[in-house]
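> I'd like to ask some things about the structure below.
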Amino acid sequence: MPRLSAGQRHRVSFSLNGRPVAGEAEPRLLLSDFLRGVLGATGTHVGCEHGVCGACTVQIDGVPARACLTLAVQAEGADIRTVEGLAPAPGRLSVLQESFREHHALQCGFCTPGILMSLDAFLRQRPDASEAELRYMLSGHLCRCTGYVPIMRAALAARDRLREEPNA
């Protein structure tokens, strides 16, 4: 990639939730700002802007990543998945989303997209995850409303359902 100076714009193209997208970005534009401001994918929330809270977590090539620590130009050619891409079809929820609804695992909902994106990737990789492993994975996300109890209930229920119905 050629060196870009401040103020110069670079065309960034990648797959967003299975669809090709493109836009112009200055070299220092964060992926979180590109997703929200340029592409209109506002489900990715920006909290601390330091990679600590986890609200901005997306999946880049299937791996959870903090969009506030990733430059938009680094996403060139990648497969980006945001919370908008979790639902299997319009009007339907994923197993994880449904579990969060059933267990009242959100209050204000600000942290929820990042938690869902991390849990989705983790449960695909570790469908037999223990409660302790789920707790450890969730330790990278800050939630000030729920106290984490309903989030853990939802995560465990989703894990169990996905074990029973791996293609759900």
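Any read-out appearing in this document is the output of simple, stated calculations on the displayed coordinates, not a laboratory observation. Source: prediction; values computed, not measured. We place every Cβ from the backbone using ideal geometry, glycine too, and count neighbours over all the protein chains shown.
> Need one word for the chain: rounded, prolate or oblate. Basis is the Cα gyration tensor (sqrt eigenvalues a ≥ b ≥ c); a/c below 1.5 gives rounded, then a/b vs b/c decides.
Values: a/c = 2.20, a/b = 1.79, b/c = 1.23.
Cα axes put the chain in the prolate bin.
> Using DSSP loop states and a limit of at most 14 other Cβ atoms within 10 Å to flag trypsin sites (Lys or Arg not before Pro), what is the longest stretch of the chain containing no flagged site?
No qualifying site falls inside 29-91, the longest such stretch.
> Provide the gained length on full extension for the span GLU102 to THR42, in nm with one decimal, where the gain is 0.36 nm per separating residue minus the Cα-Cα distance.
That pair, GLU102 and THR42, stretches by 19.2 nm at full extension.
> Using a simple spin-label model with points 7 Å from Cα along the Cα→Cβ vector, what separation in nm is obtained for ASP79 and GLN8?
Roughly 3.1 nm, to one decimal.
> Further, regarding this structure: Taking θ = phi - 60°, what integer Hz values does the Karplus form 6.51 cos²θ - 1.76 cosθ + 1.60 yield along region 155-162, in sequence order, with x for Gly and Pro?
5, 5, 5, 5, 4, 5, 5, 5
> List every residue whose amide H lies under 5 Å from the amide H of ALA41, counting only residues 5 or more places away in sequence or on a different chain, with H placed 1.01 Å from N in the peptide plane.
Close amide H contacts, sequence-distant or interchain: ARG36.
> Round to a whole angstrom and tell me the spacing of the C-alpha centers of region 35-71 and region 92-129.
16 Å
> How large is the dipole of the chain about the Cα centre if only Lys and Arg carry +1 and Asp and Glu carry -1, each at its Cβ, rounded to the nearest 20 debye?
Using only the charged Cβ atoms, the result is roughly 220 debye.
> For SER94, which sequence-distant residues (separation of 5 or more, or a different chain) have an amide H within less than 5 Å of its own amide H, given hydrogens modelled in the peptide plane?
Under 5 Å from the amide H of SER94: ALA87.
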